[in-house]
1. Using just the helices of the chain, give the 222 nm mean residue ellipticity in deg cm²/dmol: DSSP H runs with n ≥ 4 each add -39,500 (n - 2.57), and the total is spread over all residues, rounded to 500.
2. Roughly speaking, to the nearest percent, how much of the chain's 1.4 Å accessible area is carbon and sulfur?
3. GNM, the chain, Cα, under 10 Å: largest mean-square fluctuation among G145, G21, G74?
4. Can you tell me, using C-alpha contacts under 8 Å and at least 6 residues apart, the relative contact order of segment 66-156 as a whole percent?
5. Which chymotrypsin sites (Phe, Trp or Tyr not before Pro) in segment 54-156 sit in a loop by DSSP (not H, G, I, E or B) and have at most 11 other Cβ atoms within 10 Å of their own Cβ?
6. Over the Cα atoms, compute the radius of gyration (one decimal) and Dmax (the largest Cα-Cα distance, rounded to a whole number) for segment 22-70, in Å.
7. Rounded to whole Å and sorted largest first, what semi-axes of the equivalent ellipsoid does the C-alpha gyration tensor of the chain yield via the square root of 5 times each eigenvalue?
8. Taking amide H positions as placed in the peptide plane 1.01 Å from N, state which residues far from G137 in sequence (5 or more) or on other chains have amide H under 5 Å from it.
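The values are calculated or read from the model by the stated rules, or taken from the named source; none is laboratory data. Here the structure is a predicted model, which means the values were calculated and not measured. Heads up, the Cβs are rebuilt from the backbone with ideal geometry, glycines too, and the neighbour counts pull from every protein chain shown. Side chains included, ligands, DNA and RNA excluded: accessible areas come from the protein's heavy atoms. Shrake-Rupley method; radii C 1.70, N 1.55, O 1.52, S 1.80 Å.
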Amino acid sequence: MSESRFSADDERFMRRALELGHHAADAHSEVPVGAVLVIDGEIVGEGWNHNIGGNDPTAHAEILALRDAGQRLGNYRFPGSTLYATLEPCVMCAGAIVHARVARVVYAATDPKTGAAGSVFDTLLSDRHNHKVQVQGGLLAAESGELLRGFFASRR
């Protein structure tokens with residue numbers, strides 16, 4: 001996937017998501033996935049995986065970024081927003097993204113086991129939803145993939 005279809009802002013926000021992924025691994029020994037929610041060029045929500053330490057199966061980076069935005073903005077819907085995630089969202093996160101009315105998702109690495117943006121499931125791309133999400137994958141995929149592979153290699 002060509003990165004030329006992404007803007008400089010896209011890359012900047014994805015780099016912040018990657019920083020959060022590093023934080024998840026380095027500070028919390030969590031799977032290194034990070035996410036940021038952006039509205040009008042401003043980060044309104046951030047999250048990193050915290051399901052292991054929090055004993056919470058729903059504490060994926062995307063969910064935590066949505067929760068953070070909800071608290072900051074006093075709303076549960078985010079029309080016009082873009083969610084940047086270092087890994088293709090799973091079915092749970094994709095469902096939350098649709099319900100939150102996120103306009104666009106940009107992800108780095110595909111998830112060949114549980115990805116719900118077209119690689120395994122088509123949850124984000126389904127015509128059955130009343131809300132349509134624009135999806136673009138592959139931005140900084142090599143960096144995200146390297147981070148994930150390094151994390152899991154260190155655990156073996």
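1. -12000 deg cm²/dmol
2. Working: 3960 of 7720 Å².
C and S atoms contribute 51 percent here.
3. Among G145, G21, G74, the largest GNM mean-square fluctuation belongs to G74.
4. On the way: 153 pairs, mean separation 23.8, N = 91.
The value is 26 percent.
5. When the chymotrypsin sites (Phe, Trp or Tyr not before Pro) of segment 54-156 are filtered for loop state and at most 11 Cβ neighbours within 10 Å, nothing remains.
6. Spelled out, the Cα radius of gyration and Dmax of segment 22-70 are 10.7, 34 Å.
7. 21, 17, 16
8. Y107
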